[in-house]
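Read-outs: derived from the displayed coordinates by stated rules, not from any lab. Just so it is clear, the structure is predicted and the values come from calculations on it, not from any experiment. So basically every Cβ, Gly included, is an ideal-geometry build from the backbone, and we count neighbours across all protein chains shown.
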Amino acid sequence: MKLVLNGGGVGEAVASARQLLNGIIDHTKKILYVPLAWPDPMFEGCLEFMTQELSDVEKAGIDMIKTPEELMEKDFNDYACLYVGGGNTYKLLNDLKDSGAFGKLRKYLLEEDGIVYGGSAGAIIFGRDLDSCNLDDANEVGLIDNAGFDLIGGYSLLCHYTSREPERTEQSRQYLLELSKSKPVYAIPEEDTIFVDDGKIKIMGSRPYSEFVDGREIVKSL
């Protein structure tokens with residue numbers, strides 16, 4: 001299992017994450033793009049954007065699904081990796097669970113040595129649960145079971161941390177200080193990436209990230 005979980009950046013800011021992805025995938029296969037978190041049900045412009053974003057990753061092309069049902073029809077092993085994009089985290093997790101794709105994706109990762117790149121919402125779902133992003137996303141789909149894949153050492157995850165205006169960062173900080181009394185949280189900026197390689201966790205990037213544990217924030221430089 002290999003997970004490349006990025007804090008939500010694009011372009012040059014996350015070139016290192018794409019370079020990492022490029023080094024671990026089969027270049028003879030296509031990438032399967034999963035944009036289900038995106039609010040536009042037509043996903044207008046998503047494929048064009050991703051084609052540009054992944055232009056420096058060697059691959060046979062990009063296939064994009066538009067529905068959870070279409071995702072269920074795919075054989076993940078036909079692809080170099082899955083790329084799970086950003087948007088509303090609750091919508092994404094709800095779609096995966098309602099369709100059965102959540103279990104299929106877990107099996108792909110844990111039993112079939114799968115590779116997934118997740119950005120923002122597409123990264124957060126691989127943490128313990130979605131409590132970490134309560135201030136960022138509205139649960140408009142009425143998701144009740146917000147447990148994620150729990151593949152980053154028991155931590156929940158917040159993306160975009162310190163990448164926005166100071167007032168919003170402070171609001172997130174106060175919320176995570178309280179939340180971390182019951183569960184640990186990684187909070188990473190858009191430039192940073194969590195790499196999980198068969199259970200081993202490495203954080204890489206260009207800006208400090210934070211661990212929230214037992215009501216404390218521990219800021220770590222890279």
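Going from the residue with the fewest nearby Cβ atoms within 10 Å to the one with the most, 14, 196, 213 rank 213, 196, 14. Placing +1 on the Cβ of every Lys and Arg and -1 on the Cβ of every Asp and Glu, with nothing else charged, gives the chain a dipole about its Cα centre of roughly 540 debye.
For region 64-139, the set of trypsin sites (Lys or Arg not before Pro) satisfying both a DSSP loop assignment and a count of at most 12 other C-beta atoms within 10 Å is empty. In straight-distance terms, cross-link reach from residue 30 covers every one of the lysines whose alpha-carbon lies under 25 Å from its own, apart from those fewer than eight places away in the same chain; here that gives 2, 59, 66, 74, 97, 104, 107.
Debye-formula intensities of the chain, expressed as log10 I(q)/I(0) at q = 0.07, 0.12 Å⁻¹, are -0.19, -0.58 (one equal scatterer per alpha-carbon, no solvent).
Between the beta carbons of residue 106 and residue 217, assuming R0 = 25 Å, the FRET efficiency works out to 0.25 to the nearest 0.05. Taking all Cα pairs closer than 8 Å and separated by 6 or more residues, the relative contact order of region 2-220 comes to 24 percent.
What residues of region 193-208 lie in the reach of a label at residue 173, counting those whose backbone N is under 20 Å from a point 7 Å from the Cα along Cα→Cβ? Output list for this probe position: 206-208.
Other residues within the sphere of radius under 10 Å centred on the Cβ of residue 129, judged by their own Cβ, net out at -1 (K and R +1, D and E -1).
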